[in-house]
1. Can you tell me which residue is farthest from ARG109 (Cα to Cα) among those in region 1-49 that are among the basic types (Lys, Arg) and modelled with pLDDT under 95?
2. All but one of (1) over 18 Å from LEU149 (Cα atoms); (2) in a strand (DSSP E or B); (3) out of contact with any Phe, Trp or Tyr (no Cβ under 9 Å at 6 or more places or on another chain) hold for ALA195, so report the exception by its number.
3. Hey, among LYS158, LYS210, which residue is under 24 Å from GLU103 (Cβ atoms) and among the basic types (Lys, Arg)?
4. Can you tell me how many residues within region 43-58 are free of Cβ contacts under 8 Å to residues at least 24 places away in the same chain, of a type in the set (Gly, Ala, Ser) and open to solvent by less than 10 Å² (accessible area, probe 1.4 Å)?
5. Give me the pairs: first residue in region 184-210 and under 18 Å from LYS254 (Cα atoms) and modelled with pLDDT of 95 or more, second residue of a type in the set (Ser, Thr, Tyr) and surrounded by fewer than 21 Cβ atoms within 10 Å (Cβ to Cβ), beta-carbon distance under 8 Å, and six or more apart or on different chains, which are they?
6. For residues that are surrounded by 13 or more Cβ atoms within 10 Å (Cβ to Cβ) and closer than 29 Å to ALA150 by Cα, tally how many sit in region 232-265.
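The values are calculated or read from the model by the stated rules, or taken from the named source; none is laboratory data. Remember, it's a predicted structure, so these values are computed and weren't measured experimentally. Here the Cβ positions follow ideal geometry from the backbone for every residue, glycine too, while neighbour counts run over all protein chains shown. To get the accessible areas, we keep the full protein, side chains included, count just its heavy atoms, and leave off ligands, DNA and RNA. Shrake-Rupley method; radii C 1.70, N 1.55, O 1.52, S 1.80 Å.
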Amino acid sequence: MPPRPALPYKPAVPTIHPSAIVSPEAELAEDVSVGPFSVIEGPVKIAAGVKIGGHAWISGRTSIGEGCNIGWGAIIGADPQDLSFDPSCTSGVVIGPRNTLREYVTVHRGSKSGHDTVMGEGNFLMTGAHLAHDVKLGDGNILANNVLLAGHVTVGNKAFLGGAVGVHQFVRIGDLAMVQGLTAVSQDMPPYCMAYGINTVAGLNSVGLKRAGFSIEERTAIKRAYQLLFKSGKRREDALEEAAQTEWPTVAMKLIEAIKSPSKKGVMSP
């Protein structure tokens with residue numbers, strides 16, 4: 001039998017609902033889907049496998065990594081809520097791969113030219129979470145409903161922030177931190193710790209450390225460092241001086257360095 005004739009090549013195109021508005025400046029990968037009444041405005045770049053729900057608005061110098069899921073009504077790339085902001089500045093939003101942003105999540109662009117609000121990989125932001133200008137969010141974090149991160153907040157990796165947690169500007173939150181819902185955070189939260197109330201450390205996130213694969217030796221060293229810094233009754237300066245005379249594994253040094261070199265907001269304590 002003669003060979004069948006080759007079918008004509010039809011390049012894949014993004015699936016865009018007829019009611020959506022997509023700027024000619026935008027760059028969408030082949031298999032991106034855009035839901036009804038969504039707006040993609042300006043030089044937005046959207047990678048493969050991204051799904052955008054209805055009524056979302058994505059604007060400006062925003063890039064979204066592959067496999068992200070953008071929920072209904074999300075707003076990404078809007079101007080900061082900063083009275084000194086110059087709308088003509090060339091700032092943006094950079095979102096890494098495999099992030100989930102649920103309904104009504106808002107992510108604002110950087111506050112100055114060349115500054116971006118940045119999200120790493122594999123984060124899960126629940127309904128109504130807000131990332132203000134210049135936030136740096138690491139990998140694998142979970143932000144529950146209505147978590148509010150103010151400008152210039154930095155969050156490490158695999159932290160969990162409970163519902164309606166409010167974080168003041170310029171604050172740092174360390175790796176594997178766990179924050180109880182409704183907590184007010186206006187000082188740095190050390191890595192591996194739990195917090196509640198107003199700037200109060202509740203102890204170590206021992207279960208989280210174990211689940212994250214830290215060895216028993218690493219967990220023991222972190223506990224020793226925590227006891228020295230927070231529970232020994234020594235002044236913080238004296239505890240840090242004593243810690244400097246001991247050799248610590250890298251994971252425990254991360255806790256010590258967070259106490260030694262905090263942001264200008266200082267570090268919360270038990």
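1. Of all residues in region 1-49, those among the basic types (Lys, Arg) come to 4, 10, 45.
From what's left, modelled with pLDDT under 95: 4, 10.
On the way: ARG4: 53, LYS10: 37 Å.
Top of the filtered list is ARG4.
2. Against the list (1) over 18 Å from LEU149 (Cα atoms); (2) in a strand (DSSP E or B); (3) out of contact with any Phe, Trp or Tyr (no Cβ under 9 Å at 6 or more places or on another chain), ALA195 comes up short only on (1).
3. Values: LYS210 fails: under 24 Å from GLU103 (Cβ atoms).
Going through LYS158, LYS210 in turn, the sole match is LYS158.
4. 1
5. Note: pairs meeting the criteria are ASP188/SER263; VAL201/SER269.
6. Looking only at that region, the number is 14.
Matching residues to (1) acidic (Asp, Glu); (2) closer than 25 Å to SER33 by Cα; (3) open to solvent by 30 Å² or more (accessible area, probe 1.4 Å):
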| position | (1), (2), (3) |
| --- | --- |
| ILE70 | no, yes, no |
| ILE75 | no, yes, yes |
| VAL94 | no, yes, yes |
| ARG109 | no, yes, no |
| ASN157 | no, no, yes |
